[in-house]
1. Using label points projected 7 Å from each Cα along Cα→Cβ, tell me how many nm separate Asp172 and Arg124, to one decimal.
2. One-quarter of the Cα convex hull surface for the chain, in nm²?
3. Find the accessible area per residue for the chain; the probe is 1.4 Å, ligands and nucleic acids are left out, and the unit is Å².
4. Please say if the stretch 13-93 is rounded, prolate or oblate, where rounded means a/c under 1.5 for a ≥ b ≥ c the square roots of the C-alpha gyration tensor eigenvalues, and otherwise the choice is prolate for a/b larger than b/c and oblate otherwise?
5. Compute the angle between helix 19-28 and the longest alpha-carbon principal axis of the chain, please, reported from 0 to 90 degrees and rounded to the nearest 10.
6. Between Thr155 and Ala32, what's the calculated FRET efficiency when r is the beta-carbon distance and R0 is 25 Å? Round to 0.05.
7. 222 nm [θ] for the chain, helices only, -39500 (n - 2.57) per DSSP H run of 4+, per residue, to 500?
8. Under 1.5 on a/c is rounded, so check that first for the stretch 144-194, then, if it is not, pick prolate when a/b is larger than b/c and oblate when it is not; a ≥ b ≥ c are the square roots of the alpha carbon gyration tensor eigenvalues.
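The values are calculated or read from the model by the stated rules, or taken from the named source; none is laboratory data. Computed from a predicted structure; not experimentally measured. Glycine gets a Cβ as well: all are built from the backbone with ideal geometry, and neighbour counts include every protein chain shown. Side chains are part of the model used for accessible areas, which takes the heavy atoms of the whole protein and leaves out ligands, DNA and RNA. Shrake-Rupley method; radii C 1.70, N 1.55, O 1.52, S 1.80 Å.
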Amino acid sequence: MPSDLTNAFLAFPGRRWTPEEYDALVRSGILAEDERVELLEGVLVPMTPPGPAHTAFIAWLNSALVAATQGKSLVSPQSPLDCGESRPQPDLAVIPLSEVRTDRLPRKALLVVEVADSSLARDRLKAAIYARAGIPEYWLVDVAARTVEVHTEPTARREARYRTVHLLGVEDVLTTPALPKLKHSLATLFGRGRH
């Protein structure tokens, strides 16, 4: 939960933060590493606290992604990425091993996943950040609708976006070129969410 000091920073009207300033806030302890705040296009944005459905879907997807990586990449849950002017914290990111370093945040990901229980509008807006960073694939899991939006073919122009968006439902299977071994049934995933 953000501290009173963090809330003061968030409430500062019109203040845009650079990635360097954000990193300095974390290094100095003003923003603790476990505070639920991310830098999105210059704005410090409080993250929605995770509920039980959000947490469960991340755990299930994390398990499937880890099994499919076969040690060739790393699945990073709820950790920040260096996306130029932003420091988003996707729910899951598949990171190339060459990007796993102790001196800086990962700048590349093969796939990012956001699970939207109550954060759907913001997670849709984050697609532009991921596209601009050149992340080849972005999944947006809509828990309520029981769908997954699969965004591919990023454009890195000023109006960054993904050219292709496929909507998958419970009858579909999640696959990705980044992890050829992954074949995860959405019927199984969303069926678990009913318990």
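1. Using points 7 Å along Cα→Cβ, the separation is 1.6 nm.
2. Details: hull surface 44.3 nm².
Computing the convex hull of the Cα atoms and averaging its projections yields 11.1 nm².
3. On the way: 10100 Å² over 195 residues.
It amounts to 52 Å² per residue over the chain.
4. Values: a/c = 2.53, a/b = 1.79, b/c = 1.42.
Verdict is prolate for the stretch 13-93.
5. So the inclination is approximately 80 degrees.
6. Numbers: r = 35 Å, r/R0 = 1.41.
For Thr155 and Ala32, the calculated efficiency is 0.10.
7. On the way: 5 runs with 56 residues, N = 195.
Per the formula, -8500 deg cm²/dmol.
8. Numbers: a/c = 3.46, a/b = 1.77, b/c = 1.95.
Oblate, since a/c reaches 1.5 and b/c is not below a/b.
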